[in-house]
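Each remark here refers to the structure printed beneath this line.
The values are calculated or read from the model by the stated rules, or taken from the named source; none is laboratory data. Given the structure is predicted, the values throughout are model-derived calculations rather than measurements. Cβ atoms come from the backbone with ideal geometry, glycine included; neighbour counts cover every protein chain shown. Surface accessibility is based on the protein's heavy atoms, side chains included, excluding ligands, DNA and RNA. Shrake-Rupley method; radii C 1.70, N 1.55, O 1.52, S 1.80 Å.
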Amino acid sequence: MKALVINGPNINFVGIREPGIYGSDSYDDIVALCQRTGLELGFESVECFQSNHEGDIVDKIQEAYGAIDGIVINPAAYTHTSVAILDALKAVSIPAVEVHISAVESREDFRQVSFAGMACFAKVTGEGIQGYAHALRLLAEKLDEPAA
Ligand code: DQA
């Protein structure tokens, strides 16, 4: 089983940006955590991808078709705006978990809508970078379920 972890805009600045909200761990820490957790969970590989560009994220989701078994995605600000990322996730039909470092549900009104979330079977929020490990665990459990 192969997993893909996708991070959207400004997640490469975690550790620098608004540490009161996103904490002091860096993007490299997220990558190391995902790779370590993925191997512990029995994934053959965990590829981590980050982009500040919506179209690049759409391209990456399309490239996952036929190559990747499950996706963990933090679309960051595109969560609240991108129908294109929602459509790409629906197009490839790969099981996906939405993750957010912060507790988006307790923040501004404009963060209450999640387009990408409409194509995800689970959502993890407010657990800091550990939320990525939680999301990978949910993904592993889902992929382990007998096909319906
Ligand atoms: C975020 C929450 C989004 O609202 C925000 O735009 C981000 C990060 C999070 O991980 O908490 O960039 O996705």
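Within the stretch 116-128, the only residue that satisfies the criterion of being within 9 Å of the ligand (Cβ to nearest atom) and part of a strand (DSSP E or B) is THR125. Scanning the stretch 9-23 for residues that are surrounded by 18 or more Cβ atoms within 10 Å (Cβ to Cβ) and part of a strand (DSSP E or B) turns up just one, VAL14. Of all the listed residues (SER45, SER26), the sole one being among the hydroxyl-bearing types (Ser, Thr, Tyr), more than 13 Å from the ligand (Cβ to nearest atom) and over 19 Å from GLY128 (Cβ atoms) is SER45. For first residues located in the stretch 90-102 and more than 12 Å from TYR65 (Cβ to Cβ) and of a type in the set (Phe, Trp, Tyr), partners that are modelled with pLDDT of 95 or more and surrounded by fewer than 24 Cβ atoms within 10 Å (Cβ to Cβ) and lie 6+ apart or on another chain with Cβ distances below 7 Å do not occur. Here is the figure for the stretch 102-115: residues that are more than 10 Å from the ligand (Cβ to nearest atom) and of a type in the set (Gly, Ala, Ser) total 1. Quick check on this structure: which one of ILE6, ILE71, ILE57, ILE61 is at pLDDT 95 or above, within 16 Å of the ligand (Cβ to nearest atom) and in a helix (DSSP H, G or I)? Matching residue, one of ILE6, ILE71, ILE57, ILE61: ILE57.
When you scan the stretch 39-48, do you find a residue that is without any contact (Cβ under 8 Å) to a residue 24 or more places away in the chain and among the hydrophobic types (A, V, I, L, M, F, W, C), even just one? Yes. Only one of these is of a type in the set (S, T, N, Q), open to solvent by less than 60 Å² (accessible area, probe 1.4 Å) and more than 14 Å from ALA96 (Cα to Cα): THR37, THR79. Name it. That would be THR37, the only listed residue that is of a type in the set (S, T, N, Q), open to solvent by less than 60 Å² (accessible area, probe 1.4 Å) and more than 14 Å from ALA96 (Cα to Cα).
Number of residues in the stretch 24-54 that are assigned to a helix (DSSP H, G or I), of a type outside the set (A, V, I, L, M) and closer than 21 Å to LEU138 by Cβ equals 7. Here is a check on your reading of the model: is ASP109 open to solvent by 10 Å² or more (accessible area, probe 1.4 Å) and without any contact (Cβ under 8 Å) to a residue 24 or more places away in the chain? So ASP109 fits the description; yes.
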